[in-house]
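Some notes on the structure that comes next.
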Amino acid sequence: TIRPVRRSYYDPSSAPGKGIVWEWENDSGTWTPYDMDVGITIQRAYEKQHPWVDLSAIGFCYVIDFATMGQINRQTQRKRRVRRRLDMCLLVMSVKAAAGPGTAAPQPRKAAPAPPAAPKPPLPAVGPKAPDGVAVVRGSLKPLAAQGGRRQAASTPALSSAGASGSPPGVGSGKAARPGLSTLNRSHLQRLAIAQSRVLIASGVPTVPVKNLTGSSPVNPALAGITGILMSAAGLPVCLTRPPKLVLHPPPVSKSEIQSIPGISHSCRKTTKKQAKKGKTPEEVLKKYLQKVRHPPDEDCTICMERLSAPSGYKGPQPAVKPDLVGKLIKCSHVFHLHCLVAMYNNGNKDGSLQCPTCKTIYGVKTGTQPPGKMEYHIIPHALPGHADCKTIRIIYNIPPGVQGPEHPNPGKSFTARGFPRHCYLPDSEKGRKVLKLLLVAWDRRLIFAIGTSSTTGESDTVIWNEIHHKTEFGSNLTGHGYPDINYLDNVLAELAAQGITEESLAQEKD
């Protein structure tokens, strides 16, 4: 597959130009950086001392509140913490080009049993820009404790440069010096880097993951080995380790090990398009949820932004309702033009339900526009991280590509379905089974997925998640979509409630 790439330039006065990063706290309690364009928008509002910034103008339904340093989802009202930080410093180290005739390269040698005290090599220079032939390593540096430094000096192979002043060849050994790094092959460099890392780990030095240390390209392990040798020679507390592995799926499970879930009938559920209720006009539907207001309050209608005492400002297709009539929703008491509410209903799913545009209170049974598909669920004999006392509920969603219906963004146009089947995981606990039962209601009401634009790939007319988060990592939490996550079950219950799905919904479905 060939995809285009591009290089972006950011003004030095912008957030990335200043090294400023805005991050949000994910479900696992770790921090995830915003996309660059989002961070620039947030920083611009922050510098202008705005109390908050609405990200809907750039396609995200979030509001950033600078007073509380929080992110608020405008649809679910869920809040997350955000933070602003300066990016990590750049450590610059000079590295000579490929060795040739007459070019000296660092050479490893065995440490003498009692090496004489030698002056420490100078620390690498720190600067904003690295010239040609210079390796730049990004990291956070902490000084070694004195005891740790002594352990490292006693157990780490010392380094010398051929012909360097104050370090005559062959010190501490009567044998000839080993070949320079330029003559070592990939396997030698890799073994040397790993040995150096083990010594640093044993001495309590913080580790810095380096990707592709065992990759197929000889460049990555060579650079990793040289970097480790140079940094340890300078006395810097950094070692090379392999990054943690992404574990998306559990170990293989045979059919005989898969169990049905007690208290839940069947192990598979299909859904097709539900037809909207016919026989009632929008005016008849809304009449159940509204009270007429004879004397409108002196405030704006939050749909058309005109005064309630004036006619509706809606300019689209005109409903069969007088534009100056005003109604109040019976549960939340918010007031709108009837004209505006009928127009909003006609532009929605027309399923007999209504959601207050101000507080999101749901009237009736809300349904979505999820395409047809299949949902499977069962128990597998493996435990999730953080839930060692129970087995795991595995959910498998499968939605094929197809053609959009009249309720979708582009009726008659085909849509894609990337990443299916999608595997999701819940602990087989009492609360985990409760979440599953509510997810089944959400599936039947077509609220798990929707058709729209992917926030990950930017692809339009594709199947996307619909504001109900799922855990798709089984044995890790590198992306924030795995375990352990002590707050996940409570968070997803709140997201289901925001879609009108609670324990009361279970009784409604039985009825």
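The values are calculated or read from the model by the stated rules, or taken from the named source; none is laboratory data. None of these values were measured; they are calculated from a predicted model. Note that we place each Cβ from the backbone using ideal geometry, even for glycine, and neighbour counts take in every protein chain shown. Note: accessible area is taken over every heavy atom of the protein model, side chains too, but ligands, DNA and RNA are not part of it. Shrake-Rupley method; radii C 1.70, N 1.55, O 1.52, S 1.80 Å.
Quick one: which of Ile303, Ile261 is part of a loop (DSSP other than H, G, I, E, B) and closer than 30 Å to His382 by Cα?
Ile261
Could you say which residue among Leu489, Leu478 is more than 21 Å from Trp443 (Cβ to Cβ) and either out of contact with any Pro (no Cβ under 6 Å at 6 or more places or on another chain) or part of a loop (DSSP other than H, G, I, E, B) (or both)?
Leu478 is the lone residue from the list that is more than 21 Å from Trp443 (Cβ to Cβ) and either out of contact with any Pro (no Cβ under 6 Å at 6 or more places or on another chain) or part of a loop (DSSP other than H, G, I, E, B) (or both).
Only one of these is of a type in the set (Ser, Thr, Tyr), in contact with a helix residue (DSSP H, G or I) (Cβ under 9 Å, 6 or more places away or on another chain) and in the same structural domain as Pro372 (by the TED database): Thr502, Thr457, Thr462, Thr472. Name it.
Only one candidate qualifies: Thr502.
Kindly check whether there is at least one residue in region 391-408 that is in the same structural domain as Gly432 (by the TED database), touching a strand residue (DSSP E or B) at 6+ places or on another chain (Cβ under 7 Å), open to solvent by 50 Å² or more (accessible area, probe 1.4 Å) and at pLDDT below 95.
no
Looking at Lys374, is it assigned by the TED database to the domain that holds Val492, open to solvent by 10 Å² or more (accessible area, probe 1.4 Å), modelled with pLDDT of 95 or more and touching a helix residue (DSSP H, G or I) at 6+ places or on another chain (Cβ under 8 Å)?
no
Exactly one of these conditions fails for Pro401: (1) under 26 Å from the mean Cα position of the chain (by Cα); (2) under 24 Å from Ser476 (Cβ atoms). Give me its number.
Going through (1) under 26 Å from the mean Cα position of the chain (by Cα); (2) under 24 Å from Ser476 (Cβ atoms) one by one, Pro401 breaks only (2).
Quick check on region 307-330: of everything there that is free of Cβ contacts under 8 Å to residues at least 40 places away in the same chain and closer than 18 Å to Cys359 by Cβ, which residue is surrounded by the fewest Cβ atoms within 10 Å (Cβ to Cβ)?
The residue in question is Lys328.
Suppose the filter is surrounded by 12 or more Cβ atoms within 10 Å (Cβ to Cβ) and without any contact (Cβ under 8 Å) to a residue 12 or more places away in the chain; does Val82 pass it?
Criteria not met by Val82.
Quick check, is Asp300 under 22 Å from Leu354 (Cα atoms) and under 40 Å from the mean Cα position of the chain (by Cα)?
yes
Please specify each residue of region 481-499 satisfying the condition of being touching a residue at least 12 places away in the same chain (Cβ under 8 Å), open to solvent by 30 Å² or more (accessible area, probe 1.4 Å) and among the small types (Gly, Ala, Ser).
The answer is Ala494, and nothing else.
Out of the residues in region 19-43 meeting the condition of being out of contact with any strand residue (DSSP E or B) (no Cβ under 8 Å at 6 or more places or on another chain) and farther than 30 Å from Leu489 by Cβ, tell me which one is surrounded by the most Cβ atoms within 10 Å (Cβ to Cβ).
Across region 19-43, the extreme among qualifying residues is Ile40.
May I ask you to list the residues in region 354-380 that are touching a strand residue (DSSP E or B) at 6+ places or on another chain (Cβ under 6 Å), assigned to a loop (DSSP other than H, G, I, E, B) and closer than 25 Å to Glu306 by Cα?
Cys356
If I filter region 312-323 for residues that are of a type in the set (Val, Ile, Thr) and part of a loop (DSSP other than H, G, I, E, B), do I get at least one hit?
yes
Select, from Arg433, Arg418, the only residue that is outside any loop (DSSP other than H, G, I, E, B), surrounded by fewer than 20 Cβ atoms within 10 Å (Cβ to Cβ) and of a type outside the set (S, T, N, Q).
Selected residue: Arg433, the only one of Arg433, Arg418 that is outside any loop (DSSP other than H, G, I, E, B), surrounded by fewer than 20 Cβ atoms within 10 Å (Cβ to Cβ) and of a type outside the set (S, T, N, Q).
Which of the residues that make up region 381-415 are outside any strand (DSSP E or B) and of a type in the set (A, V, I, L, M, F, W, C)?
Ala383, Ala388, Cys390, Ile399
With modelled with pLDDT of 90 or more and under 17 Å from Val285 (Cα atoms) as the only criterion, which of Leu308, Leu338 stands out?
Leu338
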